[in-house]
Every structure is written in C-alpha cells, then in structure tokens.
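Heads up: the structure comes next, in structure tokens.
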DNA sequence: TATGAATGAGATTTCATTCAT
DNA sequence: GATGAATGAAATCTCATTCAT
C-alpha cells in the first residue's frame, strides 16, 4: 500500500497543516512540499496532481474518522446507544484535531465540483453507518416504524455537520463535547415512538 | 439604493444564470458582463469587485427568500404551524427556482472564507426567524422548556439545508415538497413535550 | 482581418527577431512579449497560444515570400525564365532578410509534429507554383515530356532548400545570389529535352 | 570502443524504437531506460547526457548507413553507376528500416542547434562520398567540367533527402525504390555533358 | 556496475482589474 | 456613464540529472 511509504504520510500531514493555516486557495503545491520537507516534484511521485493530494487528505483522514465511529458504535447494543456513541465520536474526534476540523468543515468545501463528488464518495460509509443505526432502531422497536431512512439520515448528518461548522466558525470558543447529551436528546425525540 | 439602477439588476440576474450554468470557478467577470450585455468595466461601476458581485447575488436572492419566509410564518398562529410553513417555503422557493438552488446550495459554497463570512451575515435574519419560532413554541408550552435555542436552530437549519443539498446533487429527480410532512414530523418530534 | 491591428504585427515581428536571436527553444512567450513592447497576456488577445504565434509567424512571412515569387514568375513568358526568377526570388528574399532565413531554415524546423504539419500546409502554394512551372515547360516543349511532376518538384525544392540551409549554417559567409546561374543551369539540365 | 558493451547497444536500439513510436519530444530518458530494460541512472554510465544518446543513435545508425553506401558505390566502375547505386542504397536502406526512416527524417530534425551541428558532422563522410562521385564523373569526362562540386552535392543530397522526407510524411504509402530510375535520370541530366 | 528516489528550475496561460477614450 | 484593450502576477507540473545505497 502506498501509505507505508513515509513520504506519502509526510505530505498528507503537511497538507492538512498548510490548508488549515493558509486556507484552501492559499495552499500552493510548493507550500505543501516545503512543509513536508520535500521538493515540489516529489509530490508528483506520490500523487497524480494537486487534486489527488486533496482527495487523499480527505480519504485518509475521513477514513480513520469513519472507521473509529463504525468500530465504537458496533460495540454498543442498541440503536440509542449507538447514536449517542456516534455523536460523541463525531464531536470528539473533531474537537481533538483542530486542523482536521478546519480542513473538513471549511476548507475542503471550497473545492470544485469534481473534488466534491469524490469527497461525497468518501463519506458514503459514514452515511451507511447512520442508516444502519436507524434501521436497527426501527427493528428493535425503539424508533418509529414509519421513518424514512434516507431522510432521517440527512437530518442526523445535517444536524451534526451544521453544529460542528458553527463551532469551527466561532473559532471553537466553547466546548463541543458538552453538547452531546442535548443533541442526542433532540435526535432521539425525533426518532422515538410516541405511544 | 443602488438596485434602482437597471444595470445593477441586469448584472445580478446574469450572474445567477452564469454561475448556475458554468459553476463557481467557470464564472469569470467577462462572462457575467457578456451575459448581462454590458462591458467588463461596467461591472466595476456597480460593484467594488468580483466578490462584491457574488455577495450581492446572495444578498438580493436570499433577501427575498428570507423575507417571504418571514412574512408567511408571521401569518400563522402557533409555533408548529410556523415551522411547517417555514419548511414549505424553504423547499418551495428552492424547488421553484432551479438556478437559485444550484447557486446557493452548491456553487457559492466554493467561495473563500471571507465571502463565506459575508454569506453567513446575510443568513442571520433567517436564523432569527427560526430562533423566534423555537422561543414561541416554548412559551406556548408546545415545545420542551429545556431546549437550547441555538442548538435547535442549528438542527433545524442543518436538516433543511442538508436535505435540499442532497436533492440538488441528485439533480432534483424527486419531489422535494412532498417531503415536507415527514420533515415537519421529525422536527416536531424532536421539539415537542413528551409528557 | 486581424493583421490590420498594429499589435498583431508588432508581435509577429518581435517573434521573428527573438527566435532568430535566441533559437526556437529559447523563445519564451515572455521574451517575445517584451520584445514586442506588450504584456505577456496581450499575446493571448491576438493568438490562441504559443504555437499559434509560431504558425502565424510562418504564415505571414512565408505568405509574403510565396506571393512575391508567384507574382514575379507570372510576369515571365516561359518556364525556363520562370524557374530562373523563382530561384532568384527564393535566394534573394532570404538573403535580404537575415532573421527570416534563420527562422525558416533552422529554428522553425525544431517544432513538433503538429506545427510541422501546419507549416507544410503554408508551403503548399509554393509547391504549386513549382508544379505549374514544370507543367508549363512540358507543354511548351522545353522540358522532357516524361517528367514526373511531383518528383521534379521535390528535386527543385529539395535542392533550393538544402542550398539555403547550407548557406545559413555557414553563417551566410558567401553570396547566395551569385549561385543562381549555376543552380539554374543544373536544374535546367535535369529538365530539358536532350534531343 | 564503448559499443562492445551490450548495454550500450541495448540503449541505442531502445532509443530508436522509443523515438519512432513517441516522437522526439515524447522520448524521455526514463522511457528509453525502461524500453532498454535498465535503470534511468544506468543511461548516464554509458552516455554523458540525453543529447549524447541522441547523437550516438545518429552516429551508430547513420554510420552503418553511410558505410554500406560507400562500400556499394566503390564496387562500381563509373560515376553514373556509382550515383545509381548511391540512390538505390539511400532509398533501399530507409525503405527497409521503418523506424530509422522516421527517426532520421522527422524526429531528430526537431533537435536543437547544437545537436544539429553534431548530426551534420556525422553526415560529412556521406557528403564526401557524393563529392568524390562528382569529381570522378568530371575526370572521366562523363559530367560537365564546369560543375561546382559543393553545389552539386547540395543538389543531390537535397533532392534525395526531400524525396525521402515526403515519402515518410505520406506514411510510406508508395514504393520508394521504384523511383530510383527517374531520380537517377534527373540527376544525370543535370550533370551530364550536353555536347 | 547498477539502481531509482529525489531534486528543483523553469514556462505557459488565466483573469480580475484599470484607465484612456 | 460606458467601453474593452491592455495589464502582469501567479501557480502547476515535467523531466534531465544526481547520488546514496
């Protein structure tokens, strides 16, 4: 695998740092190369072009992000707990990585359509995790049986994403993790049976 | 106000069209000028720079969008109905204006940080409308009294925004308005008192 | 026509000068722009890209070159005189324009395949002039009737071209025009009836 | 000599193949190395630099080409026959080696001035062969005594070269060798005594 | 000898903005 | 007010060459 090569990871890590500090449009290849301690041309030994660097940043970082969430949730027994864990991990990981939060919430969204499509692809497994929790909640009779899974998934993802983006744009001045219980309560309220 | 001048509006309308058809990065000043039937230099008689054109597009279009929502909701008596009307108007207006939906959901999000801050400013009155509905629902004892208004507002806006973005990215192949009841039910579920 | 625009001609003339002085591969767009007294970007208002500049140099210069030859030869009555005039003009014009000779004989031949095909196209009318002289000579019974016109044309053009190239590579240290009679005699020897 | 080393020849042969298939500008050192089955760096153990590879290709290939012509013509008794043999060999060898024809007629001509000077040097022995035939013809009283040898040599070489180049550019769609008699007749016509 | 990963200089082209008319 | 020709800064990517192993 290419990520055994140390230079590959050096470049990815440098890219996150440079993008977080200079913004998407201020992140020239030469700046990333310098931050990674390699020559400009070296970037092109590991990546097809600049867009490939950015996609790879997202793939690597979001890949880990999603994997952790998938693993943590899988260890919980019911849908409500899984949802809570998902929110905790989502907020927790982005709280813990200042640069990653800026890059994923603000900077990479400025990318062009082609890059956006690839980013959406990377996100798919996360959306599947959400879908499965919703389905499980319905099967376990904890959630309402008439839920429209895609719509619910859009609500959950849209809610979490908007909350994190607000937090990043407010320069992370408050504690994101402390909002987990309230967010969980809101979402459970939306999903639970009322009878 | 500068929007009494006919060329100002010509340019705004041309910009929406050009951005929707060519994407954010394919929308050069010269292209907008040509579509508006004016010379490149004329743009600079009405706008400070390109960013000002884009902000103005958002201001004008979202200004109308928000105004309509504010007016429609104000005619309803209680928070639940107001929320329903808000969702209807939000989905309805974007359903009705193909170009506007693409521009606001996809293209203008590719803008840089500075433009994004200005766009957020334009959105503030909309967020206030949501806040007021939430507060009213609490006061009317329809919503739970322990709701964290900003958080709830983020959930509502994040949910609606994510749903519309998905719909635009799926090339508007399904009917957005038919989802209003389900979305409303979900949000009401999240907000309502359970006792 | 685009060559009414003064900048267009400024750029063409500058390009000939720059190519002659710096060689094909030493002729960056910025160097041509500077020599023409315009900004780099101005080049692209008049030419699609760098290749278009080079093709146009050849078109304009060879266009005039060929036109003069066509006109001069047309005023002669028989094929032998026409051939003499053609050689005189061919050698004469390139003798008179130091830069043009270097550019057409040495530098533009270093171009890539695509440019070479376009250059060949420009040369076509010249080859036609030669063909017509050959045919006329045959009809007038001055040249042998069994001549293979394309082959003869290749001999004539190949001969003149090789002689000029040698002269340019020897840095034009001898007088090219003084060779006209000998060259003419050789070619007439090849073409004339022997009975 | 360095061409006792097998890798040297591997690289030369690979270079011809790569240049014929990819064109002069598409023939990177790494591509030649790969085709030769050696590492990039190995090229530099056998050649000073890329230009040296190209010059060597020309030297080796044209060396053989010229040697054969010199040998074949030396076995003929008079200038006319020698000229015929020279044309036959010139056309014959290039007809027989598809890649060599493309490389020498089209691709290597795109090289820069310095390489062109070296290529001219390689050609010198061939030009001497031609010169000797011309001088012999004059001495033998077959050719006109007033011939300017360098000029005649330029005519002969220019003619043959132009004919081959045309044939290569027309993608070798017709038989080059069948033109030998006509070409010979033309050149003999130019050189022969007319009394 | 042989390797091949790393280097880094260098050039085309775009496009927001200006300003003389 | 209106024009649009001209500006020129700025960034990606290639590829010949090197050198530690």
Meets criteria (over 28 Å from residue D:51 (Cβ atoms), away from every other protein chain (no Cβ under 11 Å) and part of a helix (DSSP H, G or I)) for residue D:132: yes
Restricting attention to the stretch D:44-59, does a residue exist that is more than 16 Å from DNA strand E (Cβ to nearest atom), under 16 Å from residue D:99 (Cα atoms) and within 14 Å of another protein chain (Cβ to nearest Cβ)? yes
Taking the stretch C:144-168 and the residues there that are more than 10 Å from every other protein chain (Cβ to nearest Cβ) and outside any loop (DSSP other than H, G, I, E, B), the one that is surrounded by the fewest Cβ atoms within 10 Å (Cβ to Cβ) would be C:149
Take the stretch B:29-43 and flag every residue that is within 6 Å of DNA strand F (Cβ to nearest atom) and either more than 14 Å from chain C (Cβ to nearest Cβ) or surrounded by 15 or more Cβ atoms within 10 Å (Cβ to Cβ) (or both). B:38, B:39, B:41, B:42
Residue list for the stretch B:112-162, restricted to those being closer than 23 Å to residue B:24 by Cα and more than 13 Å from the chain's Cα centre (by Cα): B:112, B:113, B:114, B:115, B:116, B:117, B:118
For residue B:18, are the conditions met, namely being within 16 Å of DNA strand E (Cβ to nearest atom), without any contact (Cβ under 8 Å) to a residue 40 or more places away in the chain, part of a loop (DSSP other than H, G, I, E, B) and surrounded by 13 or more Cβ atoms within 10 Å (Cβ to Cβ)? no
Return the residues of the stretch A:82-99 that are assigned to a helix (DSSP H, G or I) and surrounded by fewer than 21 Cβ atoms within 10 Å (Cβ to Cβ); say none if nothing qualifies. A:84, A:88, A:89, A:92, A:93, A:95, A:96, A:98, A:99
Looking at this structure, is residue B:61 farther than 22 Å from residue B:114 by Cβ and modelled with pLDDT under 95? no
Within the stretch C:169-179, residues more than 7 Å from chain D (Cβ to nearest Cβ) and surrounded by 18 or more Cβ atoms within 10 Å (Cβ to Cβ) come out as C:176
From the list A:140, A:118, A:110, pick out the single residue that is closer than 18 Å to residue A:62 by Cβ and either within 11 Å of chain B (Cβ to nearest Cβ) or surrounded by fewer than 14 Cβ atoms within 10 Å (Cβ to Cβ) (or both). A:110
Residues in the stretch D:169-188 that are at pLDDT below 95 and part of a helix (DSSP H, G or I): how many? 1
Residue among D:61, D:34 that alone is without any contact (Cβ under 8 Å) to a residue 60 or more places away in the chain and either outside any helix (DSSP H, G or I) or touching a helix residue (DSSP H, G or I) at 6+ places or on another chain (Cβ under 7 Å) (or both): D:61
Yes/no for residue D:73 being assigned to a helix (DSSP H, G or I), away from DNA strand F (no atom under 16 Å from the Cβ) and either over 23 Å from residue C:113 (Cβ atoms) or outside the structural domain of residue D:149 (by TED's automatic domain parsing) (or both): yes
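The values are calculated or read from the model by the stated rules, or taken from the named source; none is laboratory data. These numbers were taken from a predicted model, which means no experiment stands behind them. In this analysis, Cβ positions are derived from the backbone assuming ideal geometry, glycine residues included, and neighbour counts consider all displayed protein chains.
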